[in-house]
Structure formats: C-alpha cells, structure tokens
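Remarks on the structure that follows.
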Amino acid sequence: MAGSPIENPTTAAPEIGTAPGPAGHLRAPLERGRAVLGRLAGSGLFMAALAPLIAAGVTLWLVIPTLAPGVANWDTAEFQTVAPVLGTAHPTGYPAYVIIGWLASLLLTPFGEAAYRMNILQALFAAGAIAATVAIVQLLTKMRWVALATGLLLAWTQLFWRLSTHADPHMLHAALVGVVFVLLLAWERRRVGDVETPLDTTKPLRWLLAGAFLYAVAVADHRLPLIVPEATGLLLMAMLFILLLVREAALRRNTAPSGRADRWLVAAAFVYAVAVANHSLALLLPPAIGLFVLAVDPRILLRRRTIVACVTVLAVTIIALFLELPIRAAMHAPLVYGHPDTWSGFAYVVLGQQFLGNLSDPLGNLPGKAAGVVNLMSGWLGPFGYLSMLGVATSLVRRPRFVLLSGLAALVVLFFAASYADGAIDRYYMVPLLIAFVWMGLGAADLVVGYGWLADQVRRRSGEFALRRAGALDSSPSEGPDDGWDRHARLAAELIFTLALVAPSIGIVSERQQASRGSHSEGVSESTRTGDERWMRAVLAMPEAGGLPQDAVVVSWWSTSTTLWYGQKADGLRPDIYIVDDRTRLDDNLGTVQNTIDKFLGNRPVFTIRLDGGGDGMTALRSRYVVQPFKLPNGSTIAQVMARKGS
C-alpha cells in the first residue's frame, strides 16, 4: 500500500500455519548478521580498513623478530613485572597499561615467559599506532597508498622501531592519541562533511598564513637563535587563524544529526580517558582537542546531553582505571610502588609528586631549547622534514582544523619535553613524531593533487587552443565523465609518489634489524639482548647452584632492582632474598643506604649494587666497609659487604 512502511524481511512474521522450528529461530539472527555485513561492505569499511591493516601487519612482521627475548632492566623490567602481577608501577601508576598488560599476559601465555609476552604486546601497540597514522592520512586525503607509505616510513624510523622492541607505555600512548585523532576526524566528517578543501580554493588569508609559516621555517633553518621575532608574529597570526575558524564554524550549518555524529565524540572521550590513565602526557592535549571541537562546531556548548555524556564517560573511565591502584595495594599485590592504598600515598603516585621538580625553567633559553628540538626531530625525519613542512603549509589552507588539532598538540608536548629532565627523554617525542609523519603524508598527497590540478589545467588550455585553431572560438571543451583530473591518472600519480617515498627507504629496514653496535649504528634490534636475563638468573640461583646465600639482602638501585624484582615476582625465584631499592628504603623506613647496610650487617649476608658516585655510591661505601667480590654462576661478580672498617 502506498505510503506504508516497508517491512524488514528479516523480522517479518512467519506465514500462518507454519512453525518457525529450530532452523527458523537460527535464520533470523543469520539474516540480521548478513544484513549488517552487507551494510559494512556497502559503506566501504573494509576498503577503508585495508591500508591500516596492511601497515599494521607489515609492522608486526618486521618488529617481532627484533623483540627483546626476555627481561631487561630499568623501567622496562618494571613494566614487564607489574603488568603480569597486576601491581602498581612508578608514578603515575600507569593503571591502563598495567590492566591491558595483565589481560594480554593471560591471552599470550602460549608465547613464552611474562617478559617476552609484554614485549609482544609492545609490538601490538606499535602496529596500532601505525594503523592509526595510516587511518588519519587516509581520512584527510582519501589516498590509500600515500597513507600506507606514511605509516611504513614512520615504523622504520629509529626512535619508533627501537621503542617497539621492549615493554614501555609510551607506545600505547602514541597509539591511543592516534585513535583519538581518528575518532575526532570521523566526528568532524559527520558534523561538517568533507574535511578537505579543494586545492584551488580562494582563501587568501590562509595562503598568507601558509607562506608566513614556510618563511619562518626557512629563517629557522639558518638563523635558529633569531627565531623568536618570527615566532611572535606567527603566534599572532595563529590567534587570528583560530578566530577565523571559529567564526566559519559559527556560520556553517550542521550537515548531520547531532546525536548520531556526537557518538564519535563520546568514543573519543573514552579513548582519551584511557590515555590519561596510561600516561600523564595525555594531560597536555585538552587545549588542542577543545579548540578543535569548537572550530568544528561551536554550538556544541549548547548541547547539554553531548557534554554530559562526554564528561561522564571521561570521569567514570578515569576513576575506574585508577581504582586499580588502591584495590591491588590493599590486596597486597606482589609489586606495589609506594602506598596507593592511603589517601596521601594515592595522591603521591597519581600526581607524580616524585617528579614535580623535573620540569625546570620552562620559559628559559627558548632559542636553545628550540634548537635542540629541531635537531632531534630533523634527525628522525631526515629529508622527509621538508615534505612535512609542506604538508603543514598546504593544510593551513585545505585542512585548517586538523592543523589546529595536531599543531597545538605537537607544540605543547615539544615545549614540555624540552624543559623536562628525564633519563630517556626521547620517548616523550613519540606523539610529535607521529604528527610530523602525518604532515609528511599530507604534503605528499597535496603534491599528487597539485600535479593533477596542473595536468588538468594544461589539458583544458590545450583543448581551448585546439578549438580556437579550428575556428570554434565560442566553443568550449565538452563536459564529460573524463573531464578533469581522471581518477585513474590520479591513482597512477599516487602510486608513483608512493614508490618515490618508500623505495629509497627500504634499505634502512635491514639496518634496523641489526643490533646497535659497531658498524650498525642505526640498528635497533634487541633480539640478542640476553645479558640481563642471564645475570638475573645467576644472582637468584639457588645457593647450592652458586647463587647468593640463603636470606641474603641486596641493596640495589632502580636499574638492577627492577630486573631482580621480575625474577622474584614474575618467575617466583628466591623469595628469601630481600631486594632493597631506593624506593624500598622510603616505604620500609630503612633510612640511608648506610643505615640499611648497618641494620642487616652481621645478621644476614649483605650485597650491594650501586653506582660509583655520590654519598651512597660504591666509592663511598668502599671507604666505610670491607667489600669483596662474590662470584656468580655465570662468571660475573657482585659486591658483598663483609664488615665495617675498624670494627
């Protein structure tokens, strides 16, 4: 009947006189599933996911053979320990990483010991970060192969590949930030339509900003200490740029129903909450995310339901994840940092009070810090840095909202990292490096579009010239399906540009697969790194096998304590040995290193592993105590404190 709703064939009632039967009950779910798959295929979801999946697969294929085979030291050994035992890591506790690591450790049990399982998880995080990078470029450019090349080139960089080989939460941080960007771009597309502006659009102010940006980069390349005046001018232009974006958004009509589109924003809030519970670097992102959301849709401030949903999801997720700290501490998990089961201890860990002094003079020596950042980033990017800058310039015109999101996020992290004192600060540059490679992909894509636009102009002018020569001055080239930048020609140009990007870099893959030693200075493989494992098993061997005596005390420091903790807590070796770290001395009120040694000397065998310098280093300890080497089963030695001198 005209005007009546069309019945869904999968939910229509059975005919009168027939019984559904078992097959009938199964048919409806199968039909519904087939309909869902059909919709997914019709929406191109599989094709959209193809390039990210290929990039992730190639990343795993290359990285897994280079993984560290077992336990390491320092923070890596800590994360290889706390995740499998569901404990608490050093501030800020990293509960998201610990919970995900615990689940992965259970699921990956067939693949080896706990340390190696956590290293496999790191490779999975790396694959996720690469897939997100490819998805971002593909969303912004619709160029699958350029996006794939972008992801592979990022995976082959020394910093990214090196951090993919062992347990560390910074790779999960990069993956989560990448997913947040993907969800925000998906939300943007559903709110305002296409996120890309045609290359030949008339946006004079944006082109002026792009030119000013390239000029500042050129100046910085040769006169970096004098960049401050140029940077000040760019800052003022950036403020104008943001105001223009918000004004454009306020004048623009929404193109999608708020409820359905805003689900992507709620999903982004959830992933961001997981990122906050994984690493405190995520706390630097709200300015970029907030301005991006306002630039896309200022009216969101009037949609209370969306705001409440985002805030609720954000708060509930963060609270739920951080509750792991006090709950597991109260349950006496095998390894807990500090006392997060008390209010003061929880605040100490979550707020990172131990590291508050590491951020020193953030506004001092800005030219010198900028020079250091440029040297680091240019070293990782190489010649792709120029293509990255081109991507920023063209995106100021074509993708201004993404420049606002990614540019501000990168700048805030770079500013923080340049002033933060950490033993391995290069890990903090993972997200800026990912963003820089996204810009590189955008620059490459815009070169393809620019080439196509020029080719199209040449063809049109040639057609007009031919018509004039034929005497048809009032005629114009016929409009047809082959007019303009043909999709086949565009695909060919995209493939050529992709090969031009990837081919020169393929040779670095074999170099990355080598260990960093000798002539292989660019190598990152840790597949032969077994020294920490052998040393740990020698120290924690049974006394009859040449290990330390029964009930020994080892006064150690962070780099080696974590390795020994892994042997005890994850592998169950020698629970009789008391491993005293600088953190343990605080938690157990043992006092100084010397106080700790004096407390146990004469009652239990005492051993020490300390650095040479400082008031509690090996040099100072040897001046106070009689220290002798104790030979371990693997041939190495550990210092044994025999007595106090003069006693």
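The values are calculated or read from the model by the stated rules, or taken from the named source; none is laboratory data. Not measured: the values here are computed from a predicted model. All Cβ positions, glycine included, derive from the backbone under ideal geometry; neighbour counts span all protein chains shown. For the accessible areas, the whole protein counts, side chains as well, though only heavy atoms, and no ligand, DNA or RNA atoms are used. Shrake-Rupley method; radii C 1.70, N 1.55, O 1.52, S 1.80 Å.
Among the residues examined, Ser510 qualifies as at negative phi, assigned to a helix (DSSP H, G or I), free of Cβ contacts under 8 Å to residues at least 60 places away in the same chain and open to solvent by 20 Å² or more (accessible area, probe 1.4 Å). Among the residues of the stretch 413-463, how many are under 15 Å from Ala282 (Cα atoms) and among the small types (Gly, Ala, Ser)? The number of residues fulfilling the criteria is 1. Report whether or not Trp565 is surrounded by fewer than 18 Cβ atoms within 10 Å (Cβ to Cβ), touching a residue at least 24 places away in the same chain (Cβ under 8 Å), among the hydrophobic types (A, V, I, L, M, F, W, C) and within 20 Å of Gln80 (Cα to Cα). No; evaluated as a whole, the condition is false for this residue. Being without any contact (Cβ under 8 Å) to a residue 12 or more places away in the chain and among the hydrophobic types (A, V, I, L, M, F, W, C) holds for only one residue in Leu601, Leu573, Leu590, and it is Leu590. Put simply, of Val413, Val448, Val438 the only residue that is closer than 15 Å to His279 by Cβ, among the β-branched types (Val, Ile, Thr) and touching a helix residue (DSSP H, G or I) at 6+ places or on another chain (Cβ under 9 Å) is Val413. Every listed requirement among (1) farther than 22 Å from Tyr428 by Cα; (2) in contact with a helix residue (DSSP H, G or I) (Cβ under 6 Å, 6 or more places away or on another chain); (3) hydroxyl-bearing (Ser, Thr, Tyr) is met by Ser344 save one, (2). Residue under question is Thr133, and the condition is that it be in a helix (DSSP H, G or I), among the β-branched types (Val, Ile, Thr) and touching a residue at least 24 places away in the same chain (Cβ under 8 Å); does it hold? Spelling it out, Thr133 is indeed in a helix (DSSP H, G or I), among the β-branched types (Val, Ile, Thr) and touching a residue at least 24 places away in the same chain (Cβ under 8 Å).
Just one of (1) touching a strand residue (DSSP E or B) at 6+ places or on another chain (Cβ under 8 Å); (2) outside any loop (DSSP other than H, G, I, E, B); (3) open to solvent by 50 Å² or more (accessible area, probe 1.4 Å) fails for Asp551. It is (2).
Residue-wise test of (1) in contact with a strand residue (DSSP E or B) (Cβ under 9 Å, 6 or more places away or on another chain); (2) modelled with pLDDT under 95; (3) within 30 Å of Val502 (Cα to Cα).
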residue	(1), (2), (3)
Trp61	no, no, yes
Phe111	no, yes, no
Tyr116	no, no, no
Asn119	no, no, yes
Ala131	no, no, yes
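Give Ala541, Ala472, Ala515 a once-over and let me know the one that is among the hydrophobic types (A, V, I, L, M, F, W, C), modelled with pLDDT of 90 or more and in a loop (DSSP other than H, G, I, E, B). Only one candidate qualifies: Ala541. For the stretch 318-338, indicate whether the set of residues that are farther than 18 Å from Ile100 by Cα, crowded, with 18+ Cβ neighbours inside 10 Å and hydrophobic (A, V, I, L, M, F, W, C) is non-empty. No, the stretch 318-338 contains no residue that is farther than 18 Å from Ile100 by Cα, crowded, with 18+ Cβ neighbours inside 10 Å and hydrophobic (A, V, I, L, M, F, W, C). Could you grab me the full set of residues in the stretch 631-647 that are in a strand (DSSP E or B) and surrounded by 18 or more Cβ atoms within 10 Å (Cβ to Cβ)? Passing the criteria: Ile638, Ala639, Gln640, Val641. Filtered by the rule that a residue be aliphatic (A, V, I, L, M), farther than 17 Å from Arg529 by Cβ, open to solvent by 10 Å² or more (accessible area, probe 1.4 Å) and under 20 Å from the mean Cα position of the chain (by Cα), the stretch 44-85 gives Ala49, Leu53, Ile54, Ala56, Val58, Leu60, Leu62.
Taking the options Arg585, Arg534, name whichever one is open to solvent by 30 Å² or more (accessible area, probe 1.4 Å), more than 17 Å from Thr81 (Cβ to Cβ), touching a residue at least 24 places away in the same chain (Cβ under 8 Å) and not in a loop (DSSP other than H, G, I, E, B).
Just one listed residue meets the conditions, Arg534.
State whether the residues of the stretch 395-415 include one that is within 29 Å of Ser164 (Cα to Cα) and at pLDDT below 90. For the stretch 395-415, residues within 29 Å of Ser164 (Cα to Cα) and at pLDDT below 90: absent.
Could you tell me whether any residue of the stretch 104-115 is open to solvent by 10 Å² or more (accessible area, probe 1.4 Å) and closer than 30 Å to Asn358 by Cα? No, every residue in the stretch 104-115 fails to be open to solvent by 10 Å² or more (accessible area, probe 1.4 Å) and closer than 30 Å to Asn358 by Cα. When Arg585 is tested against (1) basic (Lys, Arg); (2) touching a Phe, Trp or Tyr at 6+ places or on another chain (Cβ under 8 Å); (3) modelled with pLDDT under 95, just one condition goes unmet, and that condition is (2).
Filtered by the rule that a residue be over 13 Å from Trp557 (Cα atoms) and open to solvent by 70 Å² or more (accessible area, probe 1.4 Å), the stretch 610-624 gives Thr619, Arg622, Ser623, Arg624. Taken over the stretch 361-377, the criterion of being open to solvent by 50 Å² or more (accessible area, probe 1.4 Å) and in contact (Cβ under 8 Å) with a residue 24 or more places away in the chain is satisfied by Asp361, Leu366, Val374, Leu376.
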